[in-house]
Amino acid sequence: MLRPGRAESGGAWVRIAPESRQSTRPFDLDTLRNIYHTTKMRLGFLIAACALAGVAVSPASDLAAWQVAVLGVATLLSSASAGAFNQLWEADIDRIMRRTSTRAFVTGRFAVTPVWYAGILLVLVLSVVAAALATNATAAFYIFLGAFTYGVVYTVWLKRRTWLNIVIGGLAGSFAVMAGAAAVGAELAPAPLILAVVLFLWTPPHFWALAYACRRDYQAAGVPMLPVVFQERVSTLTILAHTIVLVLLSVVPFWLGMGWIYLLSAVVGGVVFLRACIMLVYKPTIPQAWRVFAASIVQLGLLLT
């Protein structure tokens, strides 16, 4: 199977050759596990939670429970389609990076075939249609934008070209929040707009911490992430600066009526995240970068609960 690649061929076509370990049983546990990881379902659940948070912070939500459920599932599946496309498209660089070298398209557990492209497109279309029928066209459009941003804008256009890739790619989570707000007709309300900006600001330091911990992999694969392009000091200070702005903005919804519990969650999560980032500046090690990565997840989890 041939498709465009960059990491090893200087822009030439790269042959993705499946190995011999493909499962012959389509629905065994191993296959389901591979599908789960290939579609990046953990990321999908996070994106779906962002959509539900967009509903929760919006004023005067009159959606029925089934509508909220359909919106959540549609967001989850659209994210899954984008995640699968990401792994399908990046099989050439995934085989170079130690962290991703066991992914199904790299090892040959899944073959790179047109069936996958068709299935990914079908899942995305069904997700968007379901969201439109259950809520409205605006919410469905935001769901599409989220998947398109991650699958095409980030994966195809930006990731191998600029260190700003994840800055723009961070819009995927923001669009999920806007989908939730649009579902109740409140996409212009202050609270969901601020939450969308918070998600936009959260994504870069989260992934930059990961890239810092795995920067040798990204360098070998030719992916210009921030820690690969810039020196250590610049990278860690950029992560810290981004996080400071994020934490300051994350407390603003309290003054928009989100309540004391939200404020406590925002402050605690912000302190955890900031402390880890400050430590990274003074102790720029791989273990500390992983602590920043973990702290970012704690902070977002507290914000969304």
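Any read-out appearing in this document is the output of simple, stated calculations on the displayed coordinates, not a laboratory observation. No experiment lies behind these values; they were computed from the predicted model shown. Cβ sites come from the backbone with ideal geometry, for glycine too, and all protein chains shown count toward neighbours.
For the range 163-305, what are Rg and Dmax over the alpha carbons, in angstrom?
15.6, 48
From the P(r) of the range 23-186, could you give the percentage of C-alpha pairs in the tail past 20 Å? Kindly include the intermediate steps, with their values, before the conclusion.
Numbers: 6757 of 13366 pairs.
In whole percent, the share of Cα-Cα pairs in the range 23-186 beyond 20 Å is 51.
May I ask you to sort Trp202, Trp208, Trp260 by Cβ crowding, counting other Cβ atoms within 10 Å and putting the fewest first? Don't skip to the answer; put the middle values down first.
Numbers: Trp202 25, Trp208 28, Trp260 8.
Ascending Cβ contact count within 10 Å gives the list Trp260, Trp202, Trp208.
Report the gain in length on full extension from Trp66 to Asn136: 0.36 nm times residue separation, minus Cα-Cα distance, nm rounded to one decimal. Intermediate values should be presented prior to the final figure.
Working: separation 70, 0.36 × 70 = 25.20 nm, distance 1.39 nm.
Stretched fully, the Trp66-Asn136 segment lengthens by 23.8 nm.
Between the range 138-179 and the range 268-305, how far is it from one alpha carbon centroid to the other, in angstrom?
23 Å
Fully extended, how many nm does the chain gain between Arg233 and Leu29 (0.36 nm per residue separation, minus their Cα-Cα distance)?
Numbers: separation 204, 0.36 × 204 = 73.44 nm, distance 4.50 nm.
Length gained, Arg233 through Leu29: 68.9 nm.
Most exposed first by the Cβ proxy, i.e. fewest other Cβ within 10 Å, how do Val106, Val129, Val73 rank? Don't skip to the end; give the middle numbers.
Numbers: Val106 23, Val129 12, Val73 16.
Ascending Cβ contact count within 10 Å gives the list Val129, Val73, Val106.
Can you compute the modelled spin-label distance between His37 and Arg275, with each label point 7 Å from Cα toward Cβ, in nm?
Taking the two extended label points, one gets 3.3 nm.
How do Thr38, Thr31, Thr285 line up, fewest other C-beta atoms within 10 Å first?
On the way: Thr38 20, Thr31 17, Thr285 12.
So the ranking, lowest neighbour count to highest, is Thr285, Thr31, Thr38.
Before rounding to the nearest 500, sum -39500 (n - 2.57) across all DSSP H runs of length at least 4 in the chain and divide by the residue total; then give [θ] at 222 nm in deg cm²/dmol. Walk me through the intermediate numbers first.
On the way: 15 runs with 206 residues, N = 305.
Estimated from H runs of four or more residues: -21500 deg cm²/dmol.
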